[in-house]
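S.K.: Right, I'll just put the structure down here and ask away after.
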Amino acid sequence: MSSLENIQVAAAMHSVEQQRQRAARWRKHGFCLALLGVALVAPLAVYPVFLMKLLCFALFACAFNLLLGYAGLLSFGHAAFLACGGYVTGFMLSHYSGLSTELGILAGTAASGVLGLGFGLLAIRRQGIYFAMITLALAQLVFFLFVQAPFTGGENGLQGVPRGHLFGLIDLSSNLALYYFVLAVFVFGFAVIQRTIHSPYGQVLKAIRDNEPRAISLGYNVDAHKLLAFVISATLTGLAGATKTVVFQLASLTDAHWHMSGEVILMTLLGGVGTVLGPLVGAGVVVTLQSYLSNGPLGDWVHVILGLIFVLCVLLFRAGIVGWLHKLVRRNFK
């Protein structure tokens, strides 16, 4: 075969690969649009407050997955950022009556970002279990701070947080109006995560996750990249916590407890670490089970049941629900 024929074959193969990638992108965009369409009509069939809780925890899990699934950093302290966003937003909206809801949420989000920067500067130079334990210890310090601080309400929490008006115009006391606002917040957070993952910076994060020494040898500032990922994850977690406080008009110590950090790990692993939709699926499964089981005769066994599901998932579906489905599709529908 001549060199010209080799070039033509290579060009044809490249064209076919481009067409496959283009088709895959269109399928992905179509699937996302279908999910958005379902979300837009969902409050007509499902209680809006339950859906808002699911969206808040889904954003929480997606933010955590950015850190664990794409940077390879396991944090046991993400509950601190969720609670920080909730408490700051609750305090601002409760004590400043003229403050609009979006400004209160932005204040809580910014506070979580600053807290994440502090956590990251202290923990990011360690790896593995040492990193996880440092984040857990720092989160426990924040938990005891929230217990003692006068502005948090202690064990009673901040209750009766006003939902207020969006941009001073839209009354968010309506569950339906608030649902679409929460949906917009989730879509924004999810889009930020997607853009981060598929950017050149996201590719560097994956390289650090897969082989950190090689990334260092290529000249990348690994600590700076991991610190930025930690701050982005903490900020979006704070956004989820701030939105959750507005939805339930309550900021409590439950969000700051280490159990909450364990729950988001469960959501992420159950759905699929390092997958786009895995945290969303995992959050949906966990929140739905908690909601239905807590109102039934098995209410005292919720954590035991979730633990068993987690063990089964790790043993049988090590890639998570979404990861297992991906493998199934690739195996049977190439």
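The values are calculated or read from the model by the stated rules, or taken from the named source; none is laboratory data. Keep in mind that what you see is a predicted model, and the values were worked out from it rather than measured. Note that each Cβ is placed from the backbone with ideal geometry, even for glycine, and that neighbours are counted across all protein chains shown.
S.K.: Which fully enclosed helices (runs of 4 or more DSSP H) of the stretch 205-300 have 1 or more residues being in contact with a helix residue (DSSP H, G or I) (Cβ under 6 Å, 6 or more places away or on another chain) and within 30 Å of Thr152 (Cβ to Cβ)?
M.R.: Qualifying helices (runs of 4 or more DSSP H): 222-248, 258-271, 278-294.
S.K.: Shifting gears a bit: Here are some conditions: (1) at pLDDT 90 or above; (2) over 13 Å from the mean Cα position of the chain (by Cα); (3) of a type outside the set (Gly, Ala, Ser). Val41 meets all but one. Which one does it not meet?
M.R.: Condition (1) is where Val41 drops out.
S.K.: On the given criteria, is Leu277 more than 26 Å from Arg163 (Cα to Cα) and surrounded by fewer than 24 Cβ atoms within 10 Å (Cβ to Cβ)?
M.R.: yes
So that you can scan it fast, the table gives a plain yes or no per residue for (1) without any contact (Cβ under 8 Å) to a residue 24 or more places away in the chain; (2) buried (at least 17 other Cβ atoms within 10 Å of the Cβ):
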site: Thr109; (1), (2): no, yes
site: Ser112; (1), (2): no, yes
site: Gly118; (1), (2): yes, no
site: Ile124; (1), (2): no, yes
site: Thr135; (1), (2): no, yes
site: Gln140; (1), (2): no, yes
site: Val147; (1), (2): no, no
site: Glu155; (1), (2): no, no
site: Gly160; (1), (2): no, no
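S.K.: Which members of the stretch 169-179 meet the condition of being free of Cβ contacts under 8 Å to residues at least 60 places away in the same chain and either within 18 Å of Gly241 (Cα to Cα) or touching a His at 6+ places or on another chain (Cβ under 6 Å) (or both)?
M.R.: Matches in the stretch 169-179: Asp171 only.
S.K.: Can I ask one more? Exactly one of (1) at pLDDT below 90; (2) part of a helix (DSSP H, G or I) is unmet by Gly120. Its number?
M.R.: Only one criterion is unmet by Gly120, namely (1).
S.K.: Can you tell me which condition Ser100 does not meet? The list is (1) closer than 19 Å to Cys56 by Cβ; (2) in contact with a strand residue (DSSP E or B) (Cβ under 9 Å, 6 or more places away or on another chain), and all the others hold.
M.R.: Unmet for Ser100, out of (1) closer than 19 Å to Cys56 by Cβ; (2) in contact with a strand residue (DSSP E or B) (Cβ under 9 Å, 6 or more places away or on another chain): (1).
S.K.: For the stretch 169-200, which residues satisfy the criterion of being assigned to a loop (DSSP other than H, G, I, E, B) and either of a type in the set (Ser, Thr, Tyr) or surrounded by 12 or more Cβ atoms within 10 Å (Cβ to Cβ) (or both)?
M.R.: If the condition is that a residue be assigned to a loop (DSSP other than H, G, I, E, B) and either of a type in the set (Ser, Thr, Tyr) or surrounded by 12 or more Cβ atoms within 10 Å (Cβ to Cβ) (or both), then Leu172, Ser173, Ser174, Ser199 are the ones that fit.
S.K.: Same structure, new question: Can you report the number of residues in the stretch 143-168 which are assigned to a loop (DSSP other than H, G, I, E, B) and farther than 11 Å from Val246 by Cα?
M.R.: 5
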